[in-house]
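Written out below as structure tokens is the structure these notes cover.
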Amino acid sequence: MEKVPRPVIRRLAVYLRCLSNLEEKGVQIVSSKQLASMLQIKDSQVRKDLSYFGNLGQRGSGYDVKKLSQKLREVLGLYKTWSVIILGAGNIGKALANHKRLEQNNFKIVAVFDSDRRKIGRQIAPGLKVRDVAELEQFMKENGADIAVLAVPATVANELACRLEKVGIKGIVCFAPTTLHCKIPVEYVDITVFFKTLAHTIVNSSYNI
Ligand code: NAI
């Protein structure tokens, strides 16, 4: 398969969300035009994005919602449940641990770690007690996990990323405002980037006149 650009992969995840909503409503067929209007993009863009993965639609009749969902799940690696650990039981760690849509989307939080004695042992979400980060290696040896979330201060993020890499974590979602020097895949989440992008759009938009 041709290398798929990252913006396309991001849109696939959004298509999948729209398709899940349609499936819940019992819709069986969707056109590229309908999908495009849900994302407020051009229908030619939808067709181009989906064409990376073969001939998924029928000319004139659209895409089978169930089949397209299945294909996108496969492409996005969602044919299995990914086990996730969270490092940092602060504001972000707690919010994520309680975010039900993660599990609905095949990402199951299996443990939360922190270094703060006052937080260790406390229940942070149903079925999740904060563990001591000193036990990270032991936990990974006994249970393993696929993905780690770094919701810790930037000053400790790299040291923790190194430990995570050594114990076999496959990828990291990093909320800490820093760059990680590790070889495993990292996705950075920075809410300020969205605000800055929006500010740029507003100042360059005709609505601003
Ligand atoms: P917080 O201060 O509420 O939580 C951080 C937690 O990390 C604390 O519980 C602390 O005890 C723990 N911690 C510190 N050192 C540790 C270590 N070595 N091992 C394990 N746990 C450790 O912070 P909050 O608000 O949850 O933010 C977390 C990170 O995300 C920060 O780096 C913050 O700057 C960043 N952030 C990112 C945003 C984004 O859009 N990506 C938005 C807001 C914050």
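Structure notes:
- Only one entry of T201, T192, T155 meets the criterion of being near the ligand (Cβ under 10 Å from one of its atoms), β-branched (V, I, T) and over 23 Å from the mean Cα position of the chain (by Cα), and that entry is T155.
- Here the condition is being out of contact with any Leu (no Cβ under 6 Å at 6 or more places or on another chain), over 30 Å from A145 (Cβ atoms) and among the hydrophobic types (A, V, I, L, M, F, W, C); of V27, V84, V4, V46, it holds for V27 alone.
- Identity of the residue in region 76-97, over 15 Å from the mean Cα position of the chain (by Cα) and surrounded by 12 or more Cβ atoms within 10 Å (Cβ to Cβ), that ends up farthest from the ligand (Cβ to nearest atom): K94
- Top-ranked residue in region 137-152 [being more than 13 Å from the ligand (Cβ to nearest atom) and small (G, A, S); ranked as nearest to L96 (Cα to Cα)]: A145
- Region 109-125, subset exposed (fewer than 15 other Cβ atoms within 10 Å of the Cβ) and in contact (Cβ under 8 Å) with a residue 12 or more places away in the chain, residue farthest from the ligand (Cβ to nearest atom): R122
For (1) outside the structural domain of F175 (by TED's automatic domain parsing); (2) of a type in the set (F, W, Y), each residue gets a yes or a no:
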position: D49; (1), (2): yes, no
position: F53; (1), (2): yes, yes
position: G62; (1), (2): yes, no
position: K67; (1), (2): yes, no
position: A97; (1), (2): no, no
position: Q104; (1), (2): no, no
position: N143; (1), (2): no, no
position: A151; (1), (2): no, no
position: A154; (1), (2): no, no
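The values are calculated or read from the model by the stated rules, or taken from the named source; none is laboratory data. Not measured: the values here are computed from a predicted model. For neighbour counting, all protein chains shown are included, and Cβ atoms are generated from backbone atoms with ideal geometry for every residue, glycine included.
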